[in-house]
Amino acid sequence: MLYLARHCQTDWNREPARCQGWAETELNETGRDQARDLGRALEDRGIELIVTSHLVRARETARIVHEMLGARLPLIVDPRLAESHRGEWETRRFSSIIRNQPETWAHYHEHPETFRFPGGESLAAQQRRVLACLRDCVLDGRTALLVTHGGSIRLVRCFLDGKGIEAFHTATTTPGELHEIVTEGLAEDIASYLEKS
């Protein structure tokens, strides 16, 4: 069994929302409380391994959960779980992007399957690396918690639902939310998808 958790709340997750991407932001007090709630929710799930994105907000979430579940539990940092690298958009408020780059914003919302962040990576590239990490965790065989980001979870859900990246904006997740992933046949399905993409 795998569990995906979105990192817990940062100030930039709140209104007025900012584009985080790879920009480093720490959890706020609400986020730290959410991480402790997440740890409590995982106490009886048999977690044997925690894998986290390298970004601070994910690592801080993972560290709090790790402390609650036991210091001997392996904790691994894997950059493949990171949020999309959002290039020129990072640190900017979404309202500013919508106002100053309306055509690019429209492309992001209307055709996410072909979208690349200006100066950053495409959602398709992000999905490939996140799914590769997921596949490796399935093959590892341990019950694992993967601490990642909203965009990464949405791209996993697009794959699992069979809807494609076109459905990126209909897949939602909130800070600290936990998602349970059934792993039977998943490594093979991911390998087949990655070969074709």
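The values are calculated or read from the model by the stated rules, or taken from the named source; none is laboratory data. All values derive from a computational prediction rather than experimental measurement. Because the Cβ atoms are built from the backbone with ideal geometry, glycine has one as well, and the counts that use them run over all protein chains shown. Note: areas computed on protein heavy atoms with side chains; ligands, DNA, RNA excluded. Shrake-Rupley method; radii C 1.70, N 1.55, O 1.52, S 1.80 Å.
Of Arg135, Arg63, the order by accessible heavy-atom surface (1.4 Å probe, DNA, RNA and ligands excluded), from most exposed downward, is Arg63, Arg135. Calculated FRET efficiency, Thr174 to Thr143, Cβ-Cβ distance, R0 = 30 Å: about 0.80 to the nearest 0.05. Comparing Ala17, Ala35, Thr61 along the charge dipole axis of segment 16-61, the residue lying farthest to the positive side is Ala17, per the Cβ-charge model. Rolling a 1.4 angstrom probe over segment 37-146 with all protein chains present gives an accessible area of which 49% lies on carbon and sulfur atoms. The calculated pair-distance distribution of segment 41-107 uses every alpha carbon pair, bins of 5 angstrom beginning at 0, and gives 3, 14, 20, 15, 11, 9, 9, 9, 6, 2 percent. Rolling a 1.4 Å probe across the protein heavy atoms gives the chain an accessible surface of 47 Å² per residue.
Start at zero, step by 5 Å, and the Cα-Cα distances of the chain spread as 1, 8, 16, 21, 20, 15, 10, 5, 2, 0 percent across the bins. Restricting the calculation to Cα atoms, segment 86-164 shows an Rg/Rh of 1.05 when the hydrodynamic-style radius is the Kirkwood one. Under the convention that each Lys and Arg Cβ holds +1 and each Asp and Glu Cβ holds -1, the size of the dipole of the chain around its Cα centre is about 320 debye.
Using the Cα coordinates of segment 124-197, the gyration tensor eigenvalues translate into equivalent-ellipsoid semi-axes of 18, 16, 10 Å, sorted from longest to shortest. For the chain, adding -39500 (n - 2.57) for each run of n ≥ 4 DSSP H residues and dividing by the number of residues yields -13000 deg cm²/dmol at 222 nm. Using a 1.4 angstrom probe and counting only protein chains, how large is the accessible area of His109 in Å², to 10? Solvent-accessible area, nearest 10 Å²: 80 Å². Taking Cα centre as origin and charging only the Cβ of basic (Lys, Arg, +1) and acidic (Asp, Glu, -1) residues, the dipole magnitude of segment 67-113 rounds to 200 debye. Volume of the convex hull of segment 101-145 (Cα atoms only), normalised per residue: 89 Å³. Each Lys and Arg Cβ is given +1 and each Asp and Glu Cβ -1; about its Cα centre, segment 1-89 then shows a dipole of about 140 debye.
With a 1.4 Å probe rolled over the protein heavy atoms of all chains, the accessible area of Phe117, Phe159 falls in the order Phe159, Phe117, largest first.
Accessible area of Ser197 (1.4 Å probe, protein heavy atoms only, ligands and nucleic acids ignored): about 70 Å².
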